[in-house]
Amino acid sequence: IKKAINEVSFTVERGESVALFGRNGAGKSTILKMITGVTYPTKGEIIVDGRVSALLELTAGFDPDFTGRENIFFRGQLLGISDEEIRELEDEIIEFADLGDYIDQPVRTYSSGMYSKLAFSITAILETDIMLIDEVLSVGDQKFKKKSYNKMKSLISNKDRTVVIVSHSIDTLKQLCDTVMWMHEGQIKKIGEPDTVLDEYVNFMENS
């Protein structure tokens with residue numbers, strides 16, 4: 001039986017920004033799901049020290065019958081954040097999401113782009129120690145992509161915030177991340193500085 005993740009071991013330090021990179025089926029998203037506790041390893045252990053927010057699937061953590069505003073509190077509560085803390089950041093989240101009157105409409109009426117705006121805004125602005133992002137920077141309109149990219153740069157510059165990101169954009173990862181972990185068929189092929197690892201990946205793909 002082929003394992004989604006096989007004999008993988010790594011450490012992410014506080015304040016580090018790490019990219020999980022590799023072609024589809026390499027095991028990147030599975031690792032993020034194991035860090036969040038959505039799924040569990042069959043052996044070994046995962047040690048997480050800090051409050052985690054994750055943006056893995058756009059609709060995860062939303063109640064479709066709640067409004068966008070109500071889902072800000074619902075999602076925050078799932079993260080273990082108090083209503084008082086959420087209230088302090090509510091206006092900032094709503095302003096960043098830029099959904100207009102839709103913020104008070106049920107999210108089941110939202111398009112995928114609107115989902116992505118609200119989900120990213122909540123995840124990026126609520127105060128957590130560890131942030132996990134899976135391909136969300138490629139979703140949404142061009143204006144929001146630029147805004148979310150700039151927000152990610154700001155978050156990554158905060159050395160109290162640890163970020164683990166999955167993306168297929170080589171240019172984005174070279175600019176955002178301290179470290180790249182190249183995944184291949186469920187194993188780590190290489191960990192290192194972004195330019196070096198990503199250039200090796202491109203060469204590998206061109207010659208395989």
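The values are calculated or read from the model by the stated rules, or taken from the named source; none is laboratory data. Just so it is clear, the model here is predicted, and its values are computed rather than measured. Here Cβ is always computed from backbone atoms with ideal geometry, including for glycine, and neighbour counts include all displayed protein chains. When the accessible area is computed, the model is the full protein with side chains, heavy atoms only, and any ligands, DNA or RNA have been set aside. Shrake-Rupley method; radii C 1.70, N 1.55, O 1.52, S 1.80 Å.
Restricting 110, 149 to residues that are hydroxyl-bearing (Ser, Thr, Tyr) and within 17 Å of residue 164 (Cα to Cα) narrows the list to 149. Please indicate, with yes or no, whether at least one residue in the stretch 113-127 is within 18 Å of residue 64 (Cα to Cα), open to solvent by 40 Å² or more (accessible area, probe 1.4 Å) and in contact (Cβ under 8 Å) with a residue 24 or more places away in the chain. Within the stretch 113-127 (the criterion being within 18 Å of residue 64 (Cα to Cα), open to solvent by 40 Å² or more (accessible area, probe 1.4 Å) and in contact (Cβ under 8 Å) with a residue 24 or more places away in the chain), the answer is no, since none of the residues qualifies. Here residue 134 passes the criteria (1) charged (D, E, K, R); (2) more than 30 Å from residue 100 (Cα to Cα); (3) touching a residue at least 40 places away in the same chain (Cβ under 8 Å) except the one numbered (2).
Any residue in the stretch 86-105 that is within 18 Å of the chain's Cα centre (by Cα), closer than 15 Å to residue 142 by Cα and surrounded by fewer than 18 Cβ atoms within 10 Å (Cβ to Cβ)? Lay out the reasoning, then the answer.
Within the stretch 86-105, the subset within 18 Å of the chain's Cα centre (by Cα) is 93, 96-97.
Okay, now just the ones that are also closer than 15 Å to residue 142 by Cα, so 96-97.
If we keep only those that are surrounded by fewer than 18 Cβ atoms within 10 Å (Cβ to Cβ) as well, we get none.
Checked against the condition, which is being within 18 Å of the chain's Cα centre (by Cα), closer than 15 Å to residue 142 by Cα and surrounded by fewer than 18 Cβ atoms within 10 Å (Cβ to Cβ), the stretch 86-105 yields no hits at all.
Only one of the numbered conditions (1) under 20 Å from residue 133 (Cα atoms); (2) among the hydroxyl-bearing types (Ser, Thr, Tyr); (3) assigned to a loop (DSSP other than H, G, I, E, B) is violated by residue 115, and that is (3).
Residues checked against (1) open to solvent by 70 Å² or more (accessible area, probe 1.4 Å); (2) more than 23 Å from residue 169 (Cβ to Cβ); (3) of a type outside the set (Val, Ile, Thr); (4) touching a residue at least 60 places away in the same chain (Cβ under 8 Å):
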site	(1), (2), (3), (4)
2	yes, yes, yes, yes
39	no, yes, no, no
69	yes, yes, yes, no
73	no, yes, yes, no
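From the list 53, 112, 121, 116, the one residue that fits, being in contact with a Gly (Cβ under 6 Å, 6 or more places away or on another chain) and either farther than 30 Å from residue 206 by Cβ or of a type outside the set (S, T, N, Q) (or both), is 116.
Among the residues of the stretch 144-154, is there at least one that is farther than 16 Å from residue 55 by Cα, surrounded by fewer than 15 Cβ atoms within 10 Å (Cβ to Cβ) and either in contact (Cβ under 8 Å) with a residue 40 or more places away in the chain or in contact with a Phe, Trp or Tyr (Cβ under 7 Å, 6 or more places away or on another chain) (or both)? For the stretch 144-154, residues farther than 16 Å from residue 55 by Cα, surrounded by fewer than 15 Cβ atoms within 10 Å (Cβ to Cβ) and either in contact (Cβ under 8 Å) with a residue 40 or more places away in the chain or in contact with a Phe, Trp or Tyr (Cβ under 7 Å, 6 or more places away or on another chain) (or both): absent. Across the stretch 195-208, the qualifying residues are those that are among the hydroxyl-bearing types (Ser, Thr, Tyr) and closer than 23 Å to residue 4 by Cα, and the one among them that is most open to solvent (accessible area, probe 1.4 Å) is 208. Of the residues making up the stretch 84-114, just one is closer than 22 Å to residue 36 by Cα and of a type outside the set (A, V, I, L, M, F, W, C), namely 85. Each residue in the stretch 10-37 was checked for being in a loop (DSSP other than H, G, I, E, B) and either open to solvent by less than 100 Å² (accessible area, probe 1.4 Å) or in contact with a helix residue (DSSP H, G or I) (Cβ under 8 Å, 6 or more places away or on another chain) (or both), and 10 pass. State the number of residues belonging to the stretch 175-194 that are open to solvent by 70 Å² or more (accessible area, probe 1.4 Å), of a type outside the set (S, T, N, Q) and in a helix (DSSP H, G or I). So the count comes out to 0.
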